Amino acid sequence: MLRKATQRILAVSLVLALTLLLAATAAAQGAPVERLRIGILGDESTLTPYTYVTGYPGWNLLLLQYDTLYQLDLDGVPQPWLATGAEVSEDGLTVTIDLRTDVTWHDGEPFTAADVKFTYDYFRAHPEAGRFARDLRPLSTIEVTGDAQVTLTLSAPSPSLALGTLADVPILPEHIWAAVETPAEHDFGGVNIGTGPYKLAEYQAGQFYRFVANEDYFAGAPLVKELVVVQFADDAGSLAAFRAGEVDMLVRSVAPEQIDLLKAQEGVTIAQGPLFTTQMLNYDLGRAPFNRLEVRKAISLAVDRQDLVDTIYLGAATVGSAGWIHPASPYFNPEVVTAYDPEAARSLLDEAGIVDSDGDGIRELDGEPLTFELLVNGGDSLRLRIAELVHEMLLQVGMDAQVAAVEQGTWEEAVWPGFDVTQGRDYDMAVWGWSAPVQADPIRISQLIHSDPALGSLNLTGFVNERADALSAQLNSETDPAVQKQLLDELQLIIADQLPFVLLLYPDGAYAYRASVYDDWAFMNGQGIFHKLSLLPEAARP
Amino acid sequence: MLSQARGGRAVQYLIVLVVAITLNFFLPRLMPGNPLALLAGVDVGLLKPEERAQIIEGAGLDRPLGEQYLRYWGDLLQGDLGYSYRQKRPIVDLLLERLPWTLLLSGAALLLSAVVGITTGAISAWRRARAIDLGLLWTMIVVNSLPSFWLGMLLIAVVAVQLGLLPSFGAVTPASGYSGWTHVVDVLRHAILPVITLSVISVPDIYLTMRYTMLGVLGEDFIRTARAKGLSERRILFAHVIPNALAPVVTVLTLRLGYAFGGAAVIETVFSYPGLGRLIFEAVSGRDYPVMQAAFLLFTVAVLLANLLADFLYPLLDPRTKAA
C-alpha cells in the first residue's frame, strides 16, 4: 500500500517537473512576450529622421521603425539587410547594390529600388537631418539599374561606406515622402511608415511611446508584441520606477555605484560589456607646457588609469589605451604600450630641465611654474571625480592642474568653440570624451588627429604631425581592409608616442533588465543591448 | 480720480510686460553654450562650414540681434510662438499638452495647502502659546526647511518602491488603454504623491501668514467689543476673526496661483510628471530658446494676471483699501 502511494506521488512529481521544465525551455527559447516596458530619459519627439532628438537612444528608436541597407551584427560589423550584397568596382568609385524583393512597407506597399534612390537624394536635398546628409557625402549619384538594384557613383573611394552610409541611413518610402517639402515640420499624423520591425502606435509627448510589432517583418516577427517606451525626467526617477517594477529595462547605462545594488535585487540582471565611449584629457598643444612632448609623456605616465577605473568606476570600465582604440575593438593594435610609471615621469622631466627650483613642489618651465587649469563640466559627477584624482596624480610629479568646474555650455565653448575647430580653442587642459560612434568607425581616427580642419574636424587639441596627416589621409581613401589595418596600427603607435590627448578609460555599458519579462537581449560590441536585433529571434540576427 | 489710478495701474502692468518679454528674449542668448549642437544633433562637429551656415540661417540665428528681437515681437503679436529647436514641433502644441497636467497638480496642491494652512493657522492663533500652537509652529518651521526634491524622493522610495502602494512616476499608466472611470482613478493615483509633496512645502507659508494676521486681528478693539457684547466664542471666531484675517492670506494664495502656471519644475522632474515645469527644465538644460521664451512668457503673463486679480480682490475683502 505504502509503496503504491509513494510510486503515485513519484509519478505525479515527475510529470509536474517535466511540465515545468518544458514551460521553462519554451520561455527560454524566445516565446513571444506580450508587452515590454523600457525607460528612457527625455522626449525624442515624433521619431522621424528629421525630428528624433538624440543619437542614443533616439536613433535606435528611429531604427525600430525604419531599416538600413546594411545592419551591424553583434560584433559591430555591417551585414546585408535590406540589401542582399554590394559589389565595389576596381577603382572603388562604383558600388552596385542588390536589394531584397520580399520587403513591404508598413502600409502594404512593396519596397523598391526607387525608394532607395529617392531616400538618398532626399536626405541630400534636405540636409537638416545633419547626420544622414553627412553619411551621404561620399556619394555623387545614385541610379536605379535594375528591378532590385541601385548603383552608387562615389566622388572618391570610401572606406567606411558600409559602416557610415549603408548601415546608418534609414530608407524612406517614396510614396509618402515625395510630397513632403518641410520634413522637420511636416505632420505625418503620428504614423511613421517604414519597413522596420515595429510600428509607432501611440506617442504622448513627455510621457511614452507605444510600438506594436510588425508581424510581417521580412527578417521574422519580433519577439515582443508591444513595446512601451516610457520617458523619465531623470536617472533617479527611472531607477525608482525600475526597482518598483514599473518598467522592465533601462536603456541608459547604470551608474557604477548602482550596479552592485541592483544586482543584489531579486530578478534583476545586469548586462555588462565594452562601450566605445571615452574619457580623456585634452590640452591645447599650442600652449606651454603642452607644446613640450616631455610634459605630455610625463602626464600620461603619471596618471594611474587602473586607479581611476577602480576608484571612480568601481571596476566597471576598461583601462584606456594610449593609442585611442579600445582593446575590445577588432582594430586594436596590441603593440601599443600604456604605462603607469610616475618615477619615469619625474626623471623624464628632470632630464628635460623642467625642475622645481624654488622648492614649492611645482616644477618650472622657462621660469613659469607648471600650474594650469583643468576644465571640467561640473554637472557630470564622474568627470568631476576624474579631474580631482588627476589633480592629485599630477601633483605627485610636480604639476599643479587646478580643477575648474564650470557649466556644460561654458566647458564645451572653451574646448570646442562653435563646434568648429577653425575657431581655435580657449583652455589649458580639460576632461573630455567622445560618444561611441566616433570610436565604432575606426576610420574616424583621422578626424581626431589630421591637421587640416576639413578632415580633422574633431582635432580639438590642435595636433599637427606630418606622418599622421599622410597616414590618416591615406586611410580615408583606402578600401582594402588589410591595408586599413596596417594604417590603423601605425596611427595608434603615433598617437601613443606623440600623445595629442591622453586617453584615460572607456566606461563599460551596464544595462539593467528583468529576465523574467524578457531575456533575449544581445550585447552589441561597443554599443550595448538596446538595438533592433535584441528584439528579433536569434535566427534573424545576422 | 479712481479711473485715473486704474489707468496708471494698467500702464504699469504694460511696462512690466514689455520689460519681461524683452528680458525673455535676451536672457537665454546671454547664457553660455551654443544651440547649434541641438539644431544639428550629436554630429555637429562633422558638419561642413556651409552646412553649419545653412542650419544657423534656417533658424534665423545669423541675423543681427536687433532684427531677431523685432522679428520675435512680430511673431508674438501674431500669436506665433515658433518651433521647438529640440522637438521640432509647434510650441503652442507643447504648451497646450502640458498645461492641463500642471493645472491639475498645482490646482489640487493649492487647494489642499490652502485648506490645511488656513485651518492650522487659525487653530494656532486661537490657541496661542498653548501646546498645540507651539507644536504646529515647530512642525511648520521644520517642514519649511525640507528641500522639495528630497521629500519627493523619500515618498517615492517609501510609498512607491518599498510599499508599492502608488505609482512612482508620470501622470497616467503608460499605454494602459484605460478609459472612463478607470482612467480617472489612474490619473488621481498618479497625482497623489506629487500633490502631497507640493502641498506640504506650500503649507508653512500660508500657515504663518494666517497665524500672524489672525493674532493681529485678535488684538483689535472690535474683538474686545464682540466679547463684551457676550457673543459666543464660536461666533467671534467665524464671524469676526477669520473673515478679517483672510485678506493677506488670499493675496498669498492668488500670487501662488500665478506661480502655479510655471509649474513646479523640481516636483515635476522628480516625479517625471509631464507638466510645464518639466518642459521649462528640459528647455533650459537643452538651450531650446524658443521654448524657454514661450514658457517664461506664459509664466510672466500668469503672474501679472494673478497680481491683477489680487489687486481686484483685496478691496472686496478689506474695504479700507478701496480708497487707495
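The values are calculated or read from the model by the stated rules, or taken from the named source; none is laboratory data. Worth saying up front: this structure is predicted, and the values here are computed from it rather than measured. A quick note on method: Cβ atoms are made from the backbone with ideal geometry, for glycine too, and the neighbour counts reach across all protein chains shown. The protein model used for the area step is the full one, side chains on, heavy atoms only, and it has no ligands, DNA or RNA in it. Shrake-Rupley method; radii C 1.70, N 1.55, O 1.52, S 1.80 Å.
For residue A:391, the accessible area of its heavy atoms, probed at 1.4 Å with every protein chain present, is near 50 square angstrom. When only the Cβ of Lys, Arg, Asp and Glu is charged (+1, +1, -1, -1), the dipole of the range A:34-192 relative to its Cα centre reaches about 380 debye.
For chain B, the longest principal axis of the C-alpha atoms and the axis of helix B:65-77 are separated by about 60°. Within the shell defined by Cβ-Cβ distances under 14 Å, the residues around residue A:469 carry a net charge of -2, with Lys and Arg each +1 and Asp and Glu each -1. Of the residues making up the range B:277-296, those losing 20 Å² or more of accessible area when the isolated chain is joined by the remaining protein chains, with a 1.4 Å probe, are B:278, B:282, B:287.
Counting only residues at least eight positions apart within a chain, or on another chain, there are no lysines with an alpha carbon under 21 Å from that of residue B:229. Between the helical axis of B:276-285 and the longest alpha-carbon principal axis of chain B there is an angle of about 40 degrees.
Ellipticity at 222 nm from helices only: DSSP H runs of n ≥ 4 in chain A, each -39500 (n - 2.57), divided by the residue count, give -9000 deg cm²/dmol. Computed about its Cα centre, the charge dipole of chain A is approximately 2220 debye, with only Lys, Arg, Asp and Glu carrying charge at their Cβ.
What FRET efficiency do you get for residue A:140 and residue A:466 if R0 is 30 Å and r is their Cβ-Cβ distance, rounded to the nearest 0.05? Mind dumping the intermediate values first?
Numbers: r = 30 Å, r/R0 = 1.01.
Step by step, r from the Cβ atoms, then E = 0.50.
What FRET efficiency would be calculated for the residue pair residue B:141, residue A:34, taking the C-beta separation as r and a Förster radius of 41 Å, to the nearest 0.05? Step by step, r from the Cβ atoms, then E = 0.20.
Is the shape of the range A:436-542 best called rounded, prolate or oblate, per the rule: a/c under 1.5 gives rounded, else a/b larger than b/c gives prolate, else oblate, with a ≥ b ≥ c the square roots of the Cα gyration tensor eigenvalues?
prolate
Would you mind checking the tilt of helix B:2-30 against the longest principal axis of the Cα atoms of chain B, expressed as 0 to 90 degrees and rounded to 10? Taking the Cα atoms of chain B, the angle to B:2-30 is about 40 degrees.
Nearest 5 percent is fine: what portion of the DSSP beta bridges confined to the protein assembly as shown is antiparallel? That works out to approximately 75 percent antiparallel. Comparing B:276, B:14, B:231 in a Gaussian network model of chain B, where Cα atoms under 10 Å apart are tied by springs, the biggest mean-square fluctuation is seen for B:231. Within the listed set B:104, B:155, B:27, the Gaussian network model of chain B (springs between alpha-carbon atoms below 10 Å) gives the highest mean-square fluctuation for B:27. Within the straight-line cut-off of under 30 Å between alpha carbons, the lysines reachable from residue A:297 are A:485, sequence neighbours fewer than 8 places apart in one chain being disregarded.
Exposure check, 1.4 Å probe, all protein chains in place: residue A:77 carries approximately 60 Å² of accessible surface. Under a Gaussian network description of chain B, with springs only between Cα atoms under 10 Å, the residue in B:196, B:236, B:280 that fluctuates furthest is B:236. Rounded to the nearest 20 debye, the dipole magnitude of the range B:48-99 is 200 debye, with +1 charges on Lys and Arg beta carbons, -1 on Asp and Glu beta carbons, and the Cα centre as origin.
Over the range A:147-279, all Cα pairs binned in 5 Å intervals from 0 give whole-percent P(r) values of 2, 7, 11, 13, 15, 17, 14, 10, 6, 3, 1, 0, listed from short to long.
Please compute the per residue accessible area over the protein assembly as shown with all protein chains in place, 1.4 Å probe, rounded to a whole number of Å². If you can, show how the numbers build up before the last one.
On the way: 37720 Å² over 866 residues.
Per residue, the protein assembly as shown has 44 Å² of solvent-accessible surface.
In the context of the full protein assembly, residue B:16 retains an accessible surface of approximately 70 Å², using a probe radius of 1.4 Å and ignoring ligands and nucleic acids.
GluC sites (Glu not before Pro) within the range A:326-393: which are DSSP loop residues with at most 14 other Cβ atoms inside 10 Å?
Sparse-neighbourhood loop GluC sites (Glu not before Pro): A:335.
Chains A and B together bury roughly 3700 Å² of accessible area, counting both sides, with a 1.4 Å probe on protein heavy atoms only. Of the listed residues A:91, B:318, the order by accessible area with a 1.4 Å probe, largest first, is A:91, B:318. Taking only protein heavy atoms and a 1.4 Å probe, the accessible area of the protein assembly as shown is 59% carbon and sulfur.
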